[in-house]
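Accompanying notes for the structure given below.
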Number of protein chains: 2
Amino acid sequence: MVSSPLIGLADIEAARARIAGHVRRTPVLTSERLDEAAGASLFFKCENLQHVGAFKARGATNAVFALSDAEAARGVATHSSGNHAAAVARAAALRGVPAYIVMPEGSAAPKLAQVERLGGRITLCAPTQAAREAAAARIVAATGAAFIHPYDNPQVMAGQGTAALELMEDAADLDLVLAPIGGGGLISGVSTAVKALRPAARVIGVEPAGADDAARSFAAGHVIPVERPDTIADGLRATIAASTFAHIQRGVDAVATVSEPAIVQAMRSLWEALKLVVEPSAAVPYAAIEAGEIDVRGLRVGIILTGGNVDLDRLPWTTQ
Amino acid sequence: MVSSPLIGLADIEAARARIAGHVRRTPVLTSERLDEAAGASLFFKCENLQHVGAFKARGATNAVFALSDAEAARGVATHSSGNHAAAVARAAALRGVPAYIVMPEGSAAPKLAQVERLGGRITLCAPTQAAREAAAARIVAATGAAFIHPYDNPQVMAGQGTAALELMEDAADLDLVLAPIGGGGLISGVSTAVKALRPAARVIGVEPAGADDAARSFAAGHVIPVERPDTIADGLRATIAASTFAHIQRGVDAVATVSEPAIVQAMRSLWEALKLVVEPSAAVPYAAIEAGEIDVRGLRVGIILTGGNVDLDRLPWTTQ
């Protein structure tokens, strides 16, 4: 149960027990070459190797399995064009309940196919936030399905935090943990876990300069929505919620931003050195290191690699 | 010590102890999507995540560390344009001895840069097998360096076999193990380990139809060198040696071949489903499954993903 307005370590530990067996314990990888370049010890938590190719499987699975049997029986719903849609569809299939997924017309064919393959019932809508929300609201009203927001949901935040529990077990004595910020669900869970178990470690969120709502909100002390997100990191275009901002204010030490060229360069460096397919959003924290936005020299740094869903026909270094 | 003409399990176990701490225990990854497509349980041993991005680190490290101090002090030498060169350079640096690496003029700049970064002393030569061997022989004569052949060397074969020990520990009760065949060093070590520890499991080697010396030799019962290897799988263009062929005859149940389009398709499928960067050679065993060359339905199959060193500017599905 999540009773406090802010999640705590107990919520994340409960999430871990709830999703065990349904999500992978992903490996933590290192690279002599990247360590040498950074002058630091970097520990990459490979959530690109998670089911559905993203950490989103953790939060969605926790939220779906936290429902009562009566709630779950009516199904679950969400609107998303990205990894959360697949994660909710997969979690619902595991629980044996229907998943109603609202996706915008024009979504990439592989994303639609993945949700279908996972058994999600897709409703297409116009590609606007208002149309998405209206379509999801209609489905919820008609079916009684539980709406699973991609980040403004304490069970989702707690689920995402389980990645940090595993990271800290596999990489001891971290000085610093980096995660990207989109809507803020991941950093909310991660910062909660890190500050509870290793208060000496700093937590820094990183976002694209073209979608810097968290950085500006953090500086201002209140949520400033992103106006026109403009970044290749499509997983990080969302605006933080009041709930995730409260967690950021509590547990995040700083928010850094990185340029688009730095994101593309970092993505390529990670592919070359780690031999991992990571999506642009996942490269954002390492971009801050590679571009010198964060001084990590001599530190032990944990980095969440958030996902690996990319269009292999349109790689940024071959199309730009 | 390797005293028999053929290596045995004891040689591989000795190799494992010798290289512990110098090479990674790589993860074994699975994919619900690939399992569904194959109707089987596939266990991928991720040697693309090994140091220098390939299983070659195992054999080279074992060979370099098996030298006496007096032998090692004179350095080590090899000729290679590929992963073995980097593996020897790295192993020599770990042992603190010089590595003399003969590489053909026209080698890709990243490969030269990697060997240099690892401290290898590069000698360029004309891009012919004769020129390579002559240049290496001159260096060995002048320095007394120990020549480390990429596969016709029992310590190299034993080192490569350690990948199979780990695979069998992480994926129990395998029915079948697949590995690509180039010069045959990997399959020699792998088949030795598998047949010793799990005799009920079959071992199938897979190679490109355009470099099918092992398949033709296996059918004929004697080594038939590859004439003009023509395949994108640049790690598999070498001809098997008498020594590796003897191991293939002893421990390999069948040799399958795959087409070039099947290799490219398999490489892409692995990138998409596993989120791993694998090189064309590494995709060859899975290509045999995806193309239906091997019937794996209902089986538990271990697959060695051999390496991840690719030119990200020239991916086969964007350049073909």
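Taken across the stretch B:245-255, residues that are assigned to a strand (DSSP E or B), open to solvent by less than 10 Å² (accessible area, probe 1.4 Å) and either within 14 Å of another protein chain (Cβ to nearest Cβ) or touching a residue at least 40 places away in the same chain (Cβ under 8 Å) (or both) do not occur at all. Scanning the stretch A:287-310 for residues that are closer than 24 Å to A:PHE55 by Cα, open to solvent by 10 Å² or more (accessible area, probe 1.4 Å), of a type in the set (A, V, I, L, M) and away from every other protein chain (no Cβ under 14 Å) gives A:ILE289, A:ILE294.
Quick check: anything in the stretch B:16-32 free of Cβ contacts under 8 Å to residues at least 40 places away in the same chain, small (Gly, Ala, Ser), within 14 Å of another protein chain (Cβ to nearest Cβ) and farther than 19 Å from B:THR143 by Cα? Taking every residue of the stretch B:16-32 in turn, at least one turns out to be free of Cβ contacts under 8 Å to residues at least 40 places away in the same chain, small (Gly, Ala, Ser), within 14 Å of another protein chain (Cβ to nearest Cβ) and farther than 19 Å from B:THR143 by Cα.
Report yes if A:ASP313 is of a type in the set (Asp, Glu) and more than 9 Å from chain B (Cβ to nearest Cβ), otherwise no. Working first, answer last.
Numbers: of a type in the set (Asp, Glu): yes; more than 9 Å from chain B (Cβ to nearest Cβ): no.
The answer is no for A:ASP313.
Might you let me know whether the stretch A:200-219 holds any residue that is part of a helix (DSSP H, G or I) and either β-branched (Val, Ile, Thr) or within 24 Å of A:ARG25 (Cα to Cα) (or both)? Within the stretch A:200-219 (the criterion being part of a helix (DSSP H, G or I) and either β-branched (Val, Ile, Thr) or within 24 Å of A:ARG25 (Cα to Cα) (or both)), the answer is no, since none of the residues qualifies. Among the residues examined, A:ARG228 does not qualify as open to solvent by 50 Å² or more (accessible area, probe 1.4 Å), over 20 Å from A:ALA288 (Cβ atoms) and either not assigned by TED's automatic domain parsing to the domain that holds A:ILE294 or not in a loop (DSSP other than H, G, I, E, B) (or both).
How many of the residues in the stretch B:57-88 are within 18 Å of B:ALA158 (Cα to Cα) and within 14 Å of another protein chain (Cβ to nearest Cβ)? Looking only at that region, the number is 4.
Go through the stretch A:256-279 and count every residue that is open to solvent by 40 Å² or more (accessible area, probe 1.4 Å), within 14 Å of chain B (Cβ to nearest Cβ) and closer than 19 Å to A:PRO208 by Cα. Steps first, please.
Going through the stretch A:256-279, the residues open to solvent by 40 Å² or more (accessible area, probe 1.4 Å) turn out to be A:257, A:259-261, A:265, A:268, A:272.
Pick out the ones that are also within 14 Å of chain B (Cβ to nearest Cβ) and you get A:265, A:268, A:272.
Adding the requirement that they be closer than 19 Å to A:PRO208 by Cα leaves A:265, A:268.
Count: 2.
None of A:VAL102, A:VAL64, A:VAL115 is touching a residue at least 60 places away in the same chain (Cβ under 8 Å) and surrounded by 20 or more Cβ atoms within 10 Å (Cβ to Cβ) except A:VAL64.
For the stretch A:33-49, which positions are at the interface with chain B (Cβ under 9 Å from one of its Cβ atoms) and either open to solvent by less than 30 Å² (accessible area, probe 1.4 Å) or of a type in the set (Phe, Trp, Tyr) (or both)? Even if it seems obvious, please write down each step before you answer.
Taking the stretch A:33-49 first, the residues at the interface with chain B (Cβ under 9 Å from one of its Cβ atoms) are A:33, A:36, A:46, A:48-49.
Correct list: A:CYS46, A:ASN48, A:LEU49.
Annotation: of all residues in the stretch A:123-156 being crowded, with 16+ Cβ neighbours inside 10 Å and among the β-branched types (Val, Ile, Thr), the one that is nearest to the chain's Cα centre (by Cα) is A:VAL156.
The values are calculated or read from the model by the stated rules, or taken from the named source; none is laboratory data. Every value quoted in this text rests on a predicted model; they were computed, and no experiment measured them. Reconstructed Cβ throughout: ideal geometry from the backbone, glycine too, with neighbour counts over all protein chains shown. Accessible surface is based on the protein model in full, side chains and every heavy atom, while ligands, DNA and RNA are left aside. Shrake-Rupley method; radii C 1.70, N 1.55, O 1.52, S 1.80 Å.
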